[in-house]
Amino acid sequence: MYIYSVTINIEEQIRDQWLDWMKKKHIPDMLATGKFSKALMSRVIVEEEMGGITYSIQYTTDSKVTLEKYYTEDAEKLRAETAHFADNLVAFRTELEVISEF
């Protein structure tokens, strides 16, 4: 199992609009690709020097192969849809391989 983790710092003045868009549009669109079995959105409990509020969205997928298919078939389009928030956020992506689950 793999986790595709996206960490985003969003400016406070557009946070509510962004959260609404994430919950109603972006995360459902990610799951609709069929490449992820679930998504977990969390607020990172840290005070950033740069300001803003940080969130982590973790998408669970079955394999590295499926994650690679997401990159080649879906990532460009879905990332482009975030363009209207581009000036108000900083994002980075991480791949995690699940070793064991208890």
Residue-normalised accessible area of the chain, expressed per residue, 1.4 Å probe, Å² = 64 Å²
Ignoring ligands, DNA and RNA, what percent of the 1.4 Å accessible area of the chain is carbon and sulfur?
-> 51 percent
Output for the chain (equivalent-ellipsoid semi-axes, sqrt of 5λ from the C-alpha gyration tensor, Å, descending) is 24, 17, 11
What number comes out for the charge environment of Val90, summing +1 per Lys or Arg and -1 per Asp or Glu over other residues with Cβ under 13 Å away?
-> -3
Add -39500 (n - 2.57) for each DSSP H run of 4 or more in the chain, then divide by its residues: what number comes out at 222 nm, to the nearest 500 deg cm²/dmol?
-> -5500 deg cm²/dmol
Dipole in debye (nearest 20) - region 58-97, about Cα centre, beta carbon charges: Lys, Arg +1; Asp, Glu -1 | 40 debye
Just the C-alpha atoms of region 43-102: what Rg/Rh do they give, with Rh taken as the Kirkwood radius?
-> 1.02
Any chance you could run the full-extension gain for Lys69 through Glu11? It's 0.36 nm times the residue separation minus the Cα-Cα distance, nm to one decimal.
-> 17.8 nm
25 °C / 0.890 mPa s Stokes-Einstein diffusion coefficient of region 15-63, Kirkwood radius on C-alpha pairs, µm²/s | 203 µm²/s
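The values are calculated or read from the model by the stated rules, or taken from the named source; none is laboratory data. Treat the numbers as computed from the prediction; the structure is a model and nothing was measured. Positions of Cβ are generated from backbone atoms using ideal geometry, with glycine treated the same way; all protein chains shown enter the neighbour counts. For accessibility, only protein heavy atoms count, side chains too; no ligands or nucleic acids. Shrake-Rupley method; radii C 1.70, N 1.55, O 1.52, S 1.80 Å.
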